[in-house]
Amino acid sequence: MKFVFDLDGTLCFQGKPLSDVIVNALDELTRCGHGIIFASARPIRDLLPVLPEHMHAYPLVGGNGAFVANNKHIISTVHFEEDVKNEILAMIKNYGLKYLIDSEWDYAYTGSDNHPIRRNVDPQLRAKQVDLATMDIIVKIVLLDIPDHKVILDRLARLPIVIHEHGNEGILDLSPQGIDKWSGLQQLGLQDRTYVAFGNDANDISMFQHAHTSVMIGNHPELGSYAAEQIPADETSIARRLLAFCRLEETAAASYDRAKSTFR
């Protein structure tokens, strides 16, 4: 079975790398023969620092589906159409909006150095912070500290884009039309009902809708209606649930071996 994991708020917390408890549980999953995919709102550049080195070659979906990577290579990116990009940039200019904007690898940022999102942006200096005017291709846009929130949201809702609203963080996360985590997983060859999904937020809905089993971490009312299970947002509970999948696998294998021996 394939296992698909969101990262922030699902496997890692407060922007910190995966803990040893979680890494050990994930390694046990792979020892049991399961495959692991990470699917995050972070671009690939910012997804890598929270993972141990031996997981960097795992299949990765970043930017809520806009980036797809495997074996340490980005195999797919989807960017905003030129007219849509220009309309969003005009709104940013007219309303004086702060932003984090990603191209295929580099980024532009105008938010505060103290903003919580800033500490997760390129902490290992894998990319360059560039001027927005130099970006020909834009893959992902995050709007920060938005004044006139309803006005901005209403205007954005008229555009052919995907909007994820993170109420607790006061940001709007924008992706090109048709892009979500499920679209990214399809780029990796995943099929409907063939994987287990773990997530904690509304941007995980699309991958929950197509999962064989969906496990919500913590409590999110919108995501909860798509979840088959709910477990607390603490690392011990999460690790125990992952190890339970291994025990089921080992029990099934033992039963299969006993059945084979019966008919010898």
- Note on the structure: The residue that is nearest to PRO116 (Cα to Cα), considering only those in segment 156-198 that are β-branched (Val, Ile, Thr) and buried (at least 20 other Cβ atoms within 10 Å of the Cβ), is ILE171
- One residue from SER183, SER175, SER112 being of a type in the set (Ser, Thr, Tyr) and assigned to a helix (DSSP H, G or I): SER183
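Does segment 199-236 hold any residues that are of a type in the set (D, E, K, R), open to solvent by 60 Å² or more (accessible area, probe 1.4 Å) and in contact (Cβ under 8 Å) with a residue 24 or more places away in the chain, and which are they?
GLU235
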- Residues of segment 14-34 satisfying the condition of being in a loop (DSSP other than H, G, I, E, B), surrounded by 18 or more Cβ atoms within 10 Å (Cβ to Cβ) and out of contact with any Pro (no Cβ under 8 Å at 6 or more places or on another chain): HIS34
- Message: Restricting to segment 5-21, count the residues that are in contact (Cβ under 8 Å) with a residue 60 or more places away in the chain and touching a helix residue (DSSP H, G or I) at 6+ places or on another chain (Cβ under 6 Å).
- Response: 5
- Item | Every residue from segment 175-210 that is of a type in the set (Gly, Ala, Ser) and closer than 18 Å to LEU60 by Cβ | SER175, SER183, GLY184, GLY189, ALA197, GLY199, SER206
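Among residues belonging to segment 62-121 that are among the hydroxyl-bearing types (Ser, Thr, Tyr) and surrounded by fewer than 19 Cβ atoms within 10 Å (Cβ to Cβ), point out the one that is nearest to GLY35 (Cα to Cα).
SER76
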- Only one of these is at pLDDT 90 or above and part of a loop (DSSP other than H, G, I, E, B): ALA197, ALA244, ALA211. Name it. ALA211
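The values are calculated or read from the model by the stated rules, or taken from the named source; none is laboratory data. Quantities reported herein were computed from a predicted structural model and do not represent experimental measurements. Please note: Cβ atoms are built from the backbone with ideal geometry, for glycine as well, and neighbour counts cover all protein chains shown. All accessible areas refer to the heavy atoms of the entire protein, side chains included, with ligands and DNA or RNA removed. Shrake-Rupley method; radii C 1.70, N 1.55, O 1.52, S 1.80 Å.
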